[in-house]
Amino acid sequence: ATQSDPLASAARLPMVLLMALAAFFVGGKVAPYIPVGKPFGLAMCAVYVAFSVSIDVSIKMLATDAPAEKKEGDYAFNPICMVLVTEVSKLIISAVLAVSSGSGSSENSEARKVSAADVAYLAIPAAIFTVNNVLVFKALGANETSVFGVFRDTMILWMAAIWKLVFRTDLGNIRMAAIMVIFAGLVVNQFAHQTAGKISWAFLIVIAMTLCNASGSVANEFALKRSKGLDINIQNAVLYTLCIAFSLALLLIDDPSRLTGLRTFFGGFNSLSWTLAGVQACAGLMVSRLLKYTDSVMKTS
């Protein structure tokens with residue numbers, strides 16, 4: 001793939017973010033009139049799944065479109081830079097939504113009071129999500145899409161175990177049955193790969209990613225729900241600020257030269273990269289609302 005100016009197609013990102021901002025703004029206005037129950041949660045999950053699939057496909061396309069001098073499974077850009085762009089995008093949208101919803105006014109002062117404990121609890125999922133977001137790129141780059149898809153389902157196994165441990169709640173027979181079916185499918189899939197001699201230890205990256213995702217989701221759900229009166233956009237703003245800080249620290253360790261200039265930082269970005277950053281931001285904002293008003297296990301079911 002030929003390399004071009006990474007900033008030439010940057011306009012795609014604000015276009016996606018403006019559409020997302022409009023959608024969340026309208027959603028915030030009509031949400032009080034929608035009964036929050038299982039149908040609503042399932043509808044939100046369906047939309048999230050659509051976003052998730054499009055993100056995975058886009059990341060895989062970017063991995064296969066990397067320059068010839070890159071190793072197989074690598075990207076033309078640094079994935080940490082993509083993570084940073086996504087987190088900054090989510091922070092901007094959350095800040096705009098917080099102001100437009102009135103959570104910055106004196107009438108809603110209680111909804112915007114962030115305590116040191118809130119920051120501490122949100123720092124845990126922020127650190128875990130930072131690692132997870134980078135592992136998503138590594139896992140998709142190192143594995144076939146079919147292998148990634150199958151082992152990504154281990155997320156619900158981790159999620160169920162961690163969620164039950166943290167919230168001390170019974171998962172119910174239907175959820176347990178679904179978890180057993182997924183586990184059986186994983187065993188069959190791995191056995192088939194072993195007998196065909198196609199086993200690759202790269203699937204362990206997917207396992208590590210799903211463990212991080214499950215841990216981060218449950219920790220985030222706990223942090224969001226422990227302060228139910230705090231506006232979700234304020235909570236998100238704190239979370240994304242922490243994610244930006246952790247991502248910058250990771251980039252300083254991994255590739256500090258990326259911070260020497262804009263074109264160096266965005267090196268390797270193309271029109272699909274910018275669109276992906278916007279879609280990932282939308283998905284992240286949607287997840288926070290799923291965790292606030294439903295639960296982690298429903299999100300992954």
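On the beta carbon distance between residue 5 and residue 259, with R0 = 22 Å, the FRET formula returns roughly 0.70.
Please sort 138-145, 253-260, 93-100, 218-225 by packing, taking for each peptide the average over its residues of neighbouring beta carbons within 10 angstrom, highest first.
Numbers: 138-145: 20.6, 253-260: 11.8, 93-100: 19.1, 218-225: 22.2.
Answer by packing, highest mean first, reads 218-225, 138-145, 93-100, 253-260.
When 263, 12, 289 are compared by accessible area of protein heavy atoms, the largest-first order is 263, 12, 289, using a 1.4 Å probe. Carbon-plus-sulfur accessible fraction, the stretch 211-268 (probe radius 1.4 Å, protein heavy atoms only): 67%. The HN-Hα couplings worked out from phi for the stretch 254-267 by the Karplus form 6.51 cos²θ - 1.76 cosθ + 1.60 (θ = phi - 60°) are 7, 7, x, 5, 5, 8, 8, x, 4, 5, 6, 4, 8, x Hz, whole numbers, x standing for Gly and Pro.
Rounded if a/c is under 1.5, else prolate if a/b is larger than b/c, else oblate: which is the stretch 196-266, with a ≥ b ≥ c the root eigenvalues of its Cα gyration tensor?
Values: a/c = 3.55, a/b = 1.15, b/c = 3.08.
Note, shape of the stretch 196-266 comes out oblate.
Summarising the label geometry, the points placed 7 Å from Cα in the beta-carbon direction at residue 96 and residue 119 lie 2.7 nm from one another.
The values are calculated or read from the model by the stated rules, or taken from the named source; none is laboratory data. Every value quoted in this text rests on a predicted model; they were computed, and no experiment measured them. Every residue, glycine among them, receives a Cβ derived from its backbone with ideal geometry; neighbour counts consider all protein chains shown. SASA here: full protein model, heavy atoms, side chains in, ligands and nucleic acids out. Shrake-Rupley method; radii C 1.70, N 1.55, O 1.52, S 1.80 Å.
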